[in-house]
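Quick notes on the structure that follows.
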Amino acid sequence: MTKEGDKSNIAEQMATKQREISVAEFFEKNRHLLGFDNKRKALLTAVKEAVDNSLDACEEAKILPEISVEIIDMGNDRFRIIVEDNGPGIVKKQIPKIFAKLLYGSKFHTLKQARGQQGIGISAAALYGQLTTGRPIRITSKTGSNEPANYCELHIDTQKNHPDVKKEESVEWNKDHGTRLELDLEASYQKGPQSVDEYLKETATINPHATFVYTNPKAEQIIFPRATDELPAEPKEIKPHPHGVELGVLIKMLNNTETRTLQQFLVTEFSRVGPGTAKEICQKASVLTNVKPESVSRDQAERLIKAIHDTKIIAPPTDCISPLGHELVLKGMKKEFQAEFYASTSRPPSVYRGNPFVIEAGIAYGGQLEAEKSATVLRFANRVPLLYQQGACAITDAITETTWRSYGLQQSQNSLPVGPVVILVHFVSVWAPFTSEAKEAIAHYPEISKEIKLALQECGRQLYKYVAKKRRVGDELQKRSYIEKFLPHVGSALKDLCGLDDAQEQRVLTNLKDILESSRKQGVEMKDETIVTSDMDE
């Protein structure tokens, strides 16, 4: 009895320690999951989250983005980040929730292309700044020329995951509309790969409609001007496609819907399902079309899932995504990379787990690009550069698995090609399947890997034509130089052997030159035919 009583007391004692953990407390201890696992990466992640928000806000408001990024070295590994945009501004009451509450946003429940998804990024940066410096994030925002600018200083109450407003006032701001963010944080600055400099260069490449003015901690200002005045097409929100829905999600949707019959539910809550398709699904699942959605049992829902997968349904609409198009991919690359050849492609839409996606790829070759190193790889998801976890990304694997030797580049087995080449791959979708919350690598879905390889092969074929032509022109110039070098010696020897005068020697030299040029041209034409045939064979 005594022992049983002790166990009961222990359980009571344990129960007193058990409590709910807020999402802010969780990420307070696990900030590495959000990309704040070292000081250098923390600086990049904070800038990236602020710039992503600015770009999204400008594009939603149909404003050509003009974004200023300034980083100030405050000493002792502390930096101040200032990001200012010309977006539509933020309504006063929403400012605290957007910048000081984790998992708060407007995009998580929508299906359309967007940079952010989870409503974590910028508030996680504010939390990191609060943890490492104790200082609040400062926001100034203005929604119109006749409206006052609102200024806020915000902390996050991590126990409640709730904004703690430290200061709030109206201020004068000489700007019609926009948002300005100031954040102090512990960080380190270094140029090179995976730096803020590299991030902004890549962001300017994949967002050719935006202008960036960047001032680094050494007070050096770099301007990335826009290459086009056309905004990308605005993606439209769609309903989920039935082929991407799992059993638990279907049961939840059945319980939450306002529709009255199962047929109405299938037609209303999903894309690409008409009355005929809904009846076919219900028939295959042996469930009546007029049954109330909330009364569908778990077994019936499981049969519905199987019936959905056995039913041929049109692929989801693609106006929910807005790829750049191959011309803007080219413009972006030409703007930032001094190469001699460029190629790009934008693949037709495809589908993974019911989500539509498009793969775009580009190649820059030669010129001022470094020839002795492995190819520079630029990975993007929904117009955002992916700078970390290159080795864990489906894009990298697709590049290394492509046979670049066929396209005129050197390559060891399962390695990146070597040469003066930049390879760009852009993944566009309503839902990017990242491998972690830090959004640094694309997961290995077979449908995605296949499309990436096809896009790379299209660019590779264009590259091969250029590399082969360049090699052919080089050979031709070399042969021409031999003719010009040795022909006068041949003429002189013939003059001595045959007793030719100067006029006869000149005629012989002219005839010889015509014969050699003619045979050289025939050789070039034969090579051309070989190259075209080889490309068609691929």
(request) Working carefully through the options K306, K312, find the one that is free of Cβ contacts under 8 Å to residues at least 24 places away in the same chain, over 22 Å from R226 (Cα atoms) and part of a loop (DSSP other than H, G, I, E, B). (result) K312
(message) Suppose the filter is open to solvent by 10 Å² or more (accessible area, probe 1.4 Å), closer than 30 Å to P240 by Cα and not in a loop (DSSP other than H, G, I, E, B); does V329 pass it?
(response) no
(message) On the basis of being buried (at least 24 other Cβ atoms within 10 Å of the Cβ) and at pLDDT below 90, does P317 make the cut?
(response) no
(message) Can you list residue pairs whose Cβ atoms sit under 7 Å apart, with the first residue in the stretch 498-520 being closer than 15 Å to Y482 by Cα and among the hydrophobic types (A, V, I, L, M, F, W, C) and the second being in a helix (DSSP H, G or I) and open to solvent by less than 70 Å² (accessible area, probe 1.4 Å)? Count only pairs 6 or more apart in sequence or on different chains.
(response) L509/L487; L509/G491; L512/L487; L512/V490; L516/I483
(request) Could you tell me whether the stretch 438-461 includes any residue that is at pLDDT below 85 and surrounded by 14 or more Cβ atoms within 10 Å (Cβ to Cβ)? (result) yes
(request) Just give me the residues in the stretch 272-292 being touching a residue at least 40 places away in the same chain (Cβ under 8 Å) and within 18 Å of I251 (Cβ to Cβ), in sequence order. (result) V273
(message) I need every pair where a residue in the stretch 70-88 that is closer than 16 Å to A126 by Cα has its Cβ under 7 Å from the Cβ of a residue that is part of a loop (DSSP other than H, G, I, E, B), sequence separation at least 6 or different chains.
(response) I71/Y189; I71/N216; I71/P217; F79/A187; F79/Y189; F79/P217
(request) Could you give me the residue pairs with C-beta distances under 6 Å whose first residue belongs to the stretch 233-244 and is under 17 Å from I305 (Cβ atoms), whose second residue is open to solvent by less than 60 Å² (accessible area, probe 1.4 Å) and modelled with pLDDT under 85 wherever it lies, and which are 6+ apart or on separate chains? (result) H241/P316; H241/G354; H243/G354; G244/G354; G244/N355
(request) Evaluate the following for A187: is it aliphatic (A, V, I, L, M) and open to solvent by less than 10 Å² (accessible area, probe 1.4 Å)? (result) yes
(request) Answer yes or no: is there a residue in the stretch 234-242 that is under 18 Å from Q283 (Cα atoms) and not polar (S, T, N, Q). (result) yes
(message) Could you check the stretch 224-252 and list, in sequence order, the residues that are open to solvent by less than 40 Å² (accessible area, probe 1.4 Å) and more than 30 Å from G325 (Cβ to Cβ)?
(response) V245, L250
(request) Would you check which residues across the stretch 334-356 are crowded, with 18+ Cβ neighbours inside 10 Å, at pLDDT 90 or above and over 18 Å from A204 (Cβ atoms) and list them? (result) F341, A343, T345, S346, R347
(request) Kindly provide the set of residues from the stretch 75-88 that are open to solvent by 20 Å² or more (accessible area, probe 1.4 Å) and within 26 Å of the chain's Cα centre (by Cα), ordered by number. (result) E84, N86, P88
(request) May I ask you to list the residues in the stretch 357-394 that are hydrophobic (A, V, I, L, M, F, W, C) and within 15 Å of E451 (Cβ to Cβ)? (result) F357, V358, I359, A361, F380, A381, C393, A394
(request) Sort out which residues of the stretch 407-417 are touching a Ser or Thr at 6+ places or on another chain (Cβ under 9 Å) and open to solvent by less than 50 Å² (accessible area, probe 1.4 Å), and write them in order of number. (result) Q411, S415, L416, P417
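The values are calculated or read from the model by the stated rules, or taken from the named source; none is laboratory data. If you're wondering where the values come from, they're calculated on a predicted model, not measured in any experiment. With ideal geometry, Cβ positions are generated from the backbone for all residues, glycine too; neighbour counts draw on all protein chains shown. To get the accessible areas, we keep the full protein, side chains included, count just its heavy atoms, and leave off ligands, DNA and RNA. Shrake-Rupley method; radii C 1.70, N 1.55, O 1.52, S 1.80 Å.
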